[in-house]
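Down below is the structure, laid out as C-alpha cells.
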Amino acid sequence: MLELHRVRLYARSGQGGVSAVVILGADNACEVATRLDEPATTAVAVTPSLKADARLDVWRDGMRQEVDGTGLLAAAHVLLGRDGRGPIRFETGGRVIPVLREADGRLRYRATLSHEIVGHFDGAEVLSALGVPPMRVPGNMPFGLAATQRRILLVPIEDAATLGAIRPAFTRLAAWSAAHEQAPVLAYAPAHGEMGGADFIARLFDPLAGRTEETPGPEAVAALVGTLARRGLAGGLRPVAVAQGRFNAPVVALQARAELVVSETGAASRSGVKVWVGGEVRHFGFAAVDGFGISIKGAVSDLRLGA
C-alpha cells in the first residue's frame with residue numbers, strides 16, 4: 001500500500017510555505033513522483049538503504065533534484081512522528097546524514113560549508129542581469145560563490161526595498177549560471193527588524209531548474225549563514241532568521257545557527273563552518289492509496305523545526 005504524506009515547511013502564521021509530499025511504500029517511486037501534478041512541490045521518496053535507515057530521492061516538477069534540507073526534514077518529520085527522538089539516518093547522494101529531534105521537539109540537521117567563498121567571476125555581469133546598480137551592493141557583505149552541497153552565488157543588496165524591486169533578465173541570468181556549475185543566485189539584504197524580526201531577507205533565482213524564482217531552502221540558507229559566520233557577521237550560536245522576499249508571495253522564514261570549527265592535522269589546522277538549519281512545519285495528514293488515485297486529506301498538526 002502506498003502512503004503519501006503532505007507537509008508544509010517554513011510557513012509563518014499558517015500562510016505560504018514550501019510544500020512537500022513524502023512517498024512511502026512505493027516500488028515505482030519515480031513514476032509516482034512524476035505523476036503527482038503538484039507544481040513547485042518537493043516529492044520525497046523514502047526507500048530501503050543498506051547504508052542507513054532509509055534512502056531519499058527527490059523530484060520537483062517531474063525532474064529529479066539534489067536532496068536538500070527540505071527533503072531531509074520532511075521525511076524525518078513523517079518517519080519520526082511526534083514522539084520518535086532518533087537520530088534517523090538518511091542516505092542521499094552517497095552521503096549519510098543524521099536528523100535529530102531535540103528535547104524541545106525540534107528537528108535539526110547539520111550542513112557544512114565546504115570552502116571559503118569564491119569571488120573569481122564577473123560580478124558586473126550578474127548585477128546587470130539582476131538589474132541592480134553597483135552602488136546598491138554593500139562592500140562589507142559577502143559577494144561570491146559559497147557551497148554546502150552545491151555552489152550558490154550570494155549577492156548582497158543594500159536594503160529590502162531594492163531587493164524586492166529586482167526583476168531579473170532570466171535568459172542572461174541562466175547563461176551566467178550555466179557557465180558557473182549551474183549555480184543559482186541568492187540575493188539577500190539586511191531586514192533591520194522587518195519581516196517578523198528576521199535578520200536577513202532573501203530571494204533565490206534558479207532559472208536552470210525550470211523555475212525563475214523559488215523559496216530559499218535550507219541549503220541556500222546554510223551557505224549564507226555559514227559565510228556570514230566565517231566573516232564574523234553572524235555571531236556564534238545565535239540563531240539567524242532568513243525570510244523569503246519573493247515578489248507578491250507570503251513570507252517564509254528559516255532559522256540557522258553556525259559555529260566555526262578548527263581541526264588540527266599534525267602541524268596544520270583547517271577551519272570549517274557547521275550550520276544547523278530549521279523552520280516550522282505543518283503536517284496535513286496522509287492518504288493510503290492504490291495505484292494513482294492520489295488525494296491527500298487530513299487534519300492539521302503542528303511541529304516546530306529550528307536551530
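The values are calculated or read from the model by the stated rules, or taken from the named source; none is laboratory data. These figures come from a predicted structure and were not determined experimentally. Glycine also receives a Cβ, built like all others from the backbone with ideal geometry; neighbour counts cover every protein chain displayed. The area values use the complete protein model at the heavy-atom level, side chains included, leaving out ligands, DNA and RNA. Shrake-Rupley method; radii C 1.70, N 1.55, O 1.52, S 1.80 Å.
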List pairs: first in segment 143-167 and touching a residue at least 40 places away in the same chain (Cβ under 8 Å), second among the hydroxyl-bearing types (Ser, Thr, Tyr) and surrounded by fewer than 19 Cβ atoms within 10 Å (Cβ to Cβ), Cβ under 6 Å, 6+ apart or cross-chain?
-> Ala147/Ser114
Among residues belonging to segment 106-120 that are open to solvent by less than 40 Å² (accessible area, probe 1.4 Å) and farther than 15 Å from Val275 by Cα, point out the one that is farthest from the chain's Cα centre (by Cα).
-> Val118
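From the list Leu153, Leu163, which one is on the phi < 0 side of the Ramachandran plot and assigned to a strand (DSSP E or B)?
Exactly one of Leu153, Leu163 is on the phi < 0 side of the Ramachandran plot and assigned to a strand (DSSP E or B), namely Leu153.
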Given the structure, is Arg55 within 21 Å of the chain's Cα centre (by Cα), open to solvent by 60 Å² or more (accessible area, probe 1.4 Å) and modelled with pLDDT of 90 or more?
-> yes
Sole exception among (1) under 25 Å from His120 (Cα atoms); (2) open to solvent by 20 Å² or more (accessible area, probe 1.4 Å); (3) assigned to a helix (DSSP H, G or I) for Gln182, by number = (3)
Criterion (surrounded by fewer than 22 Cβ atoms within 10 Å (Cβ to Cβ), among the hydrophobic types (A, V, I, L, M, F, W, C) and part of a helix (DSSP H, G or I)) met by exactly one of Leu208, Leu173, Leu224 = Leu208
Looking at (1) out of contact with any His (no Cβ under 9 Å at 6 or more places or on another chain); (2) touching a residue at least 12 places away in the same chain (Cβ under 8 Å), which is the only condition Phe121 fails?
-> (1)
Could you tell me whether segment 75-87 includes any residue that is in a loop (DSSP other than H, G, I, E, B) and surrounded by 20 or more Cβ atoms within 10 Å (Cβ to Cβ)?
-> no
So how many residues does segment 18-35 have that are of a type in the set (A, V, I, L, M, F, W, C), within 22 Å of the chain's Cα centre (by Cα) and surrounded by fewer than 19 Cβ atoms within 10 Å (Cβ to Cβ)?
-> 1
